[in-house]
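Quick notes on the structure that follows.
The values are calculated or read from the model by the stated rules, or taken from the named source; none is laboratory data. These numbers were taken from a predicted model, which means no experiment stands behind them. Here the Cβ positions follow ideal geometry from the backbone for every residue, glycine too, while neighbour counts run over all protein chains shown.
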Amino acid sequence: MMTLDSSFRFRQIIPAFLIFLVSLLLSVPTASAADGDTIKVRPIEFKGNQSVYFQCPPKSVKYQKVLINYKLRCPTGKPCGEWDYLFYVFIKKPDNSKPDSLKVRDAQRYEIMRYISPYGNNLSLGAGFTWTMDITDFAPLLHDSVYIEAGMFQEELELTIDFITGTPPRDVLTIQPLWDGNPQYGQPTSIESFLVPKKGYIPSAAKGAKLRVTQTGHGFGQSPDNCAEFCNKKQYIKVKGNKIFERDVWRETCGLNPVYPQGGTWVYSRTNWCPGAEVTPFDYELTPTITAGDSLDLDMDMEDFTFPAGGAGTPPNYVITSYLFTYSAPNLTLDASLEKILAPTQDAFYKRHNPICGSPVIRIRNNGATPLTTLDITYGVQGGGTTTYTWKGNLQFMEEQEISLPPFDWGTWTGPNIFEVELSNPNGKKDEYSANNHGSSTFDLPPTYYSNIEINLETNKFASDQYEWTLTNSDGTIVRHRDNLADNTLYIDTLNLANGCYEFRLINKLHYGLSWWATYADLGGGSLLFSNNGRLVHKFQPDFGTEVYQQFRVAPKPTALASRDTLNFGYVQVGETKQMSVEITPANEAGLLITGTSVTLSNKGFKVVKYTPDLDATGKKQLAYGEKLLITVEFAPTSKGPKTARLGVQNNDEINGSLGVRLVGTTEPVGVNETVVPTEQLLSLDAVPNTITGESKITYRVESLIPTPASLVLLNALGQEVATLYSGTASSIEQYFTLNGAQFPSGMYRIALRALGRTEVTAVAIIH
């Protein structure tokens, strides 16, 4: 291995060391770090391949847990790499007894993580996508100065290590490398000569042991089994000559990868890996087989396989790394830990099953020596009520379990979107270690639809072999199910759903999605979309692999009501002021979200001066059914004559999202039975979005007291009339029109509203 010159080494040390120091200053000194504190160290910050020293906390700091965060982004200004490649994270503990040139070269190298890069064609990783793995078993090596090798030659890598301080479930005593190499598979004596029996040493203080094997298959020998990348073969673990473990070296979940869609054959199951995913090691608990102070005979075998001599393709091979860990006795008797909140969360790794409106999902682990049989789980939204669920089961030491908690209605929550979980009373007793009992996650609310949902599914060929879908309610009752679908057929299911939470799941049993480049020539493509009362509300990505999943709420339509449509201030002299108020209320139990207000032509002397109650810090206000918002407007004319304007109340009413209230007044005296009739008439026109790739909502109104003839026309860049979008009447009541950009060629356009001898124009761009 090449040694680094001192100047290069210093440049590389600085970022990680500074990050380490900053983390200490921002939290607590490592010498007095409290249990549960996290010390973050970043050895690599969006670089390519790196070999650097970095500084870990000192030996005096004990780790409850150590996590490695592997974050990739596409190179700045460039696409992600096209192909899937093997990448590793290695660490070395420098041997300070050796000369400088040999401190790292002669040190034992440990693989702490393995990763396969994604197929990068048409892939976007945005600001970066993160994979997290538990590397607590390597904790004894992660103190003081450590040498690390990692990186990417296709993407940019940020590598962060989280040191969570505190008491681990058990202390690691030794880390012993066993099989480490790249043996061929199917050749005479190839893998058998590599997987020879090994002896592991069990220290006299050891009370536990575990074998970890990281194994991936590569090469594509064109035999009937397509080994070793695409063949499912068995691995056997023997202890003292007895076969005690057997498993498939296989990963079936590639079509559920959260990094999608990718180019390449990303959906295919493979030999324990997927493109764009971390490699999960195989862990074998050996504690029942060990004798303290003795050696342990270990052997690993692979299922028999023969690759024909001179066979076509790349010779099959495995990449294998393995370690024997020995441990102390469990440090605690009763300790339940919250390992992860899987839903609700904004963590992109779990985006396929988020956001939710139903059952939260968490993962727990028994870190205590006593089997865990009961546990209280208290959960809820920060600032809202909580629910306590008593879990019952049987988890042995270091065993984990995912738990779906009873659902609760959080769909209308408008406070901080923070979900919290607290564990307590394991086996009805006090938890001996509370630092790992609490967790929280930020989350998004699921979409809300209104009553009539249309599920539009267009199939491709061989549909009956591929697709089925199910819609269930919050009770788990199946509302609608479809299978045995016909080829190249459009199915439209119109459902009149009651209010509540629903779960939709479309499965492709062959993992091909609805449209995939590798099968398109043979199968064609399909599509899936939801519409609501004839309006498109969600179009799903057709290249999804195995599954489409969405939870959504059905609720009444938010409808905004105003206590009056006009605030008539009457006669107000120049230099004087007058205030009037209007009440905004929701029409039903859906409530109403006020997102802001505006006054058109505020230079006429009208302005909002007060809200009762006040809006929040973001300028919003959620109103429950029966609540109201009082908006006070002030009229302070600065010139003579009649004045008119419009108060717009922005809200989540689908139809009337800018509820309008007319504002009129005058500086001239009026009779007892007279009203103020403004001389000005106003036109209002807006297009959202104004860059149209699909549809745009065109909102328009004419500030007239009575319906007035009006038209909407589409003009091209030359000013030529392309189409009449609307011809009829308009008034001060806001109307809207949906413009379908697919009906017109790409280009620059103007939409013109014509009424009262005037024209109001807004520019739009149509892009395909």
* Asked: Within the stretch 127-145, is there a residue that is surrounded by fewer than 20 Cβ atoms within 10 Å (Cβ to Cβ), outside the structural domain of Val259 (by TED's automatic domain parsing), farther than 30 Å from Asp335 by Cα and in contact with a Ser or Thr (Cβ under 7 Å, 6 or more places away or on another chain)?
  -> no
* **Test set (1) assigned to a loop (DSSP other than H, G, I, E, B); (2) surrounded by 15 or more Cβ atoms within 10 Å (Cβ to Cβ) - Gln541 fails condition number** => (2)
* What do you reckon, is Arg114 closer than 18 Å to Tyr85 by Cα, at pLDDT 95 or above and surrounded by 20 or more Cβ atoms within 10 Å (Cβ to Cβ)? -> yes
* To do: For Glu420, state whether it is closer than 30 Å to Leu623 by Cβ, among the charged types (D, E, K, R), part of a strand (DSSP E or B) and not assigned by TED's automatic domain parsing to the domain that holds Asn532.
  => yes
* Would you pick out the residues in the stretch 237-257 that are within 24 Å of Tyr185 (Cβ to Cβ) and surrounded by 15 or more Cβ atoms within 10 Å (Cβ to Cβ)? -> Ile237, Lys238, Val239, Phe245, Val249, Trp250, Arg251, Cys254
* Restricting attention to the stretch 599-606, does a residue exist that is part of a strand (DSSP E or B), at pLDDT 90 or above and surrounded by 13 or more Cβ atoms within 10 Å (Cβ to Cβ)? -> yes
* Among the candidates Val649, Val609, residue that is out of contact with any Lys or Arg (no Cβ under 8 Å at 6 or more places or on another chain), in a strand (DSSP E or B), modelled with pLDDT of 90 or more and loosely packed, with under 15 Cβ neighbours inside 10 Å -> Val609
* May I ask you to say which residue of Ala723, Ala742 is over 41 Å from the mean Cα position of the chain (by Cα) and without any contact (Cβ under 8 Å) to a residue 60 or more places away in the chain? => Ala723
* Asked: If we scan the stretch 232-254, do we find a residue that is among the hydrophobic types (A, V, I, L, M, F, W, C), modelled with pLDDT of 95 or more and farther than 21 Å from Leu298 by Cβ?
  -> yes
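Every residue, every condition in (1) outside any loop (DSSP other than H, G, I, E, B); (2) buried (at least 23 other Cβ atoms within 10 Å of the Cβ), yes or no:
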residue	(1), (2)
Met300	yes, yes
Pro315	no, no
Thr321	yes, yes
Glu339	yes, no
Leu342	yes, no
Tyr350	yes, no
* Test Leu471 against the stated conditions and say whether it is modelled with pLDDT of 95 or more, surrounded by 16 or more Cβ atoms within 10 Å (Cβ to Cβ), assigned to a strand (DSSP E or B) and touching an Asp or Glu at 6+ places or on another chain (Cβ under 9 Å). => yes
* Asked: Does Lys210 fit the bill of being over 30 Å from Ala435 (Cβ atoms), of a type in the set (D, E, K, R) and not in a helix (DSSP H, G or I)?
  -> no
* **Hits in the stretch 146-181 - residues which are part of a loop (DSSP other than H, G, I, E, B) and modelled with pLDDT of 95 or more** => Gly166, Thr167, Pro168, Pro169, Arg170, Asp171
* Flag if Tyr260 is surrounded by 18 or more Cβ atoms within 10 Å (Cβ to Cβ) and modelled with pLDDT under 95 -> yes
* Mind checking which pairs have a first residue in the stretch 637-660 that is farther than 14 Å from Val688 by Cβ and among the basic types (Lys, Arg) and a second that is modelled with pLDDT under 90 and in a loop (DSSP other than H, G, I, E, B), Cβ under 6 Å, 6 or more apart or different chains? -> Lys640/Thr667
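Each row is one residue, and each column tells you yes or no for (1) within 25 Å of Ala348 (Cα to Cα); (2) touching a His at 6+ places or on another chain (Cβ under 9 Å); (3) without any contact (Cβ under 8 Å) to a residue 60 or more places away in the chain.
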site: Pro224; (1), (2), (3): no, no, yes
site: Ala228; (1), (2), (3): no, yes, no
site: Lys233; (1), (2), (3): no, no, no
site: Pro258; (1), (2), (3): yes, no, no
site: Gln262; (1), (2), (3): yes, no, no
site: Thr287; (1), (2), (3): no, no, no
site: Ser295; (1), (2), (3): no, no, no
site: Asp299; (1), (2), (3): no, no, no
* Pick out the one residue from Ile733, Ile751, Ile767, Ile692 that is at pLDDT 75 or above and in contact with a helix residue (DSSP H, G or I) (Cβ under 6 Å, 6 or more places away or on another chain). => Ile692
* Determine whether Leu372 is closer than 23 Å to Asp134 by Cα and in contact with a helix residue (DSSP H, G or I) (Cβ under 7 Å, 6 or more places away or on another chain). => yes
* Qualifying residues in the stretch 544-571 (those that are among the polar types (S, T, N, Q) and not in a strand (DSSP E or B)) - the one surrounded by the most Cβ atoms within 10 Å (Cβ to Cβ) -> Thr546
* Structure fact -> Within the stretch 221-257, the residues that are assigned to a strand (DSSP E or B) and under 20 Å from Leu510 (Cβ atoms) are Asp248, Arg251
* Asked: Just to be sure, is Leu157 surrounded by 21 or more Cβ atoms within 10 Å (Cβ to Cβ) and touching a strand residue (DSSP E or B) at 6+ places or on another chain (Cβ under 6 Å)?
  -> yes
* Please indicate, with yes or no, whether at least one residue in the stretch 474-492 is among the aliphatic types (A, V, I, L, M), in contact with a strand residue (DSSP E or B) (Cβ under 9 Å, 6 or more places away or on another chain), surrounded by 14 or more Cβ atoms within 10 Å (Cβ to Cβ) and modelled with pLDDT of 95 or more. => yes
* To do: For residues that are at pLDDT 95 or above and not in a loop (DSSP other than H, G, I, E, B), scanning just the stretch 443-462, find the one that is farthest from Phe504 (Cα to Cα).
  => Glu458
* Asked: Give me the pairs: first residue in the stretch 534-551 and at pLDDT below 95, second residue polar (S, T, N, Q) and in a strand (DSSP E or B), beta-carbon distance under 7 Å, and six or more apart or on different chains, which are they?
  -> Val537/Ser531
